[in-house]
1. What residues have an amide H closer than 5 Å to that of residue 170, excluding those fewer than 5 places away on the same chain, when H is modeled at 1.01 Å from N in the peptide plane?
2. Where the centroid of each part is defined by its Cα atoms, how far is the range 19-70 from the range 114-177 in Å?
3. Please go through the residue pairs 109/144; 161/296; 2/54; 144/321; 21/161; 63/320 and name each one whose alpha carbons sit more than 28 Å apart in this structure.
4. Measuring from label point to label point, each 7 Å out along Cα→Cβ, what is the residue 175 to residue 152 span in nm?
5. What are the ³J(HN,Hα) couplings of the range 14-25, residue after residue, when phi is run through the Karplus curve with 6.51, -1.76, 1.60 and θ = phi - 60°? Round to Hz, x for glycine and proline.
6. Along each of the three principal axes of the Cα atoms of the chain, give the extent in whole Å, ordering the values from largest to smallest.
7. What is the calculated FRET efficiency for residue 321 to residue 125, with r their C-beta to C-beta distance and R₀ = 41 Å, to the nearest 0.05?
8. Near the amide H of residue 219, under 5 Å away, which other amide H atoms are found, from residues 5 or more places off or on another chain, if H is placed in the peptide plane?
Amino acid sequence: MKILVTGGAGYIGANVSKALKNRGHEVIVFDNLSRGHRDLVRWGVLEEGDLLDKKAVEGVFEKHHPSAVMHFAAYAYVGESVVDPALYYLNNVVGSLNLVDAARSFNVKNFIFSSTCALYGESGKIPITEDLPLNPINPYGNTKLVIEKLLEDFSSAYGLKSVSLRYFNAAGADRLGEAGEDHTPETHLIPLVLDAASARRPDITIYGTDYDTPDGTCVRDYIHVTDLAEAHVLALEYLVDGGSSIALNLGNGTGHSVREVIEAVRKVTGRDFIVNEGARRPGDPPRLIASYEMAKKILGWEPRFGDMETIIRDAWAWHKKRFVDISG
């Protein structure tokens, strides 16, 4: 099949493009490169453009006639969304509407959407299941919820079937170290700790050490990006085989604390670094852990690389290759 991948020059989009290519699909990447990287477009043809340019969006459909769309192009910094929500509603919602409407116009029937666990807000329930109320607490999460609702409506009205995949904490890099995290600014814990291990930053700070968790630090569900990419391929196959529109969690079903991640980095890299302890950040829940039972039931998907040391090892291999020259 020919698959249009928006945001394919980014971290997850590149890994999914690789998975699609390895499965024999033809990949067309649509990306404005504002936050992605041209050199990560290795597994498809790049069409440079912006989702806010409706003519450019329609043009890529007219030129390539994709059979399905996988949509990763979005701004994804929670803090930035709070400071500048207009930017997020314009880029994430209006851009997505242009894309979804073009898919409808060109009779595309299968759509995979990169959603988020931020839709659940501060539910308090562990593990988090798909039937919990959706109550995001920031504009970023709100924009993702709007798009999920948009897709539900297009499914009912126009027959555009979709799978919305609600990620927990994507982490690691592909097993060959060809596509990993490279964000500016970087906000994810694992690459930040790897920066400290490689002396790209002087230290790492733990925000909050008095949570009701075993070691007092926040616990998160980290999913290897290769497992994440595999789920997208399975979601596409599910829709092609006649599956109906659905939203599914993607996570490991287990959690690791901030301290556990830091210790895993020390063990894998063999390097020590300064760890500071700071105050809690507003809005950080103590635990976020997914139930992936629905993805297992519907897609036949299970994480294969969930061990934290495996995630760190793959992330470290990418990190060294991308950012630093370290032989040890």
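The values are calculated or read from the model by the stated rules, or taken from the named source; none is laboratory data. What you see is a predicted model, and the numbers here were worked out from it, not measured in a lab. Because the Cβ atoms are built from the backbone with ideal geometry, glycine has one as well, and the counts that use them run over all protein chains shown. Just so you know, the surface numbers come from the protein's heavy atoms only, side chains and all, with ligands and any DNA or RNA stripped out. Shrake-Rupley method; radii C 1.70, N 1.55, O 1.52, S 1.80 Å.
1. When sequence neighbours closer than 5 places are left aside, the close amide H contacts are 223.
2. Answer, in whole Å: 22.
3. Cα-Cα > 28 Å for 144/321; 63/320; rest within.
4. Here the modelled spin labels are 3.8 nm apart.
5. For the range 14-25, the Karplus-derived couplings read 5, 5, 5, 4, 5, 5, 5, 4, 5, 8, x, 8 Hz, x marking Gly and Pro.
6. Ordered largest first, the chain gives principal extents of 54, 43, 39 Å.
7. Rounded to the nearest 0.05, the efficiency is 0.55.
8. Placed amide hydrogens put 287, 288 under 5 Å from residue 219.
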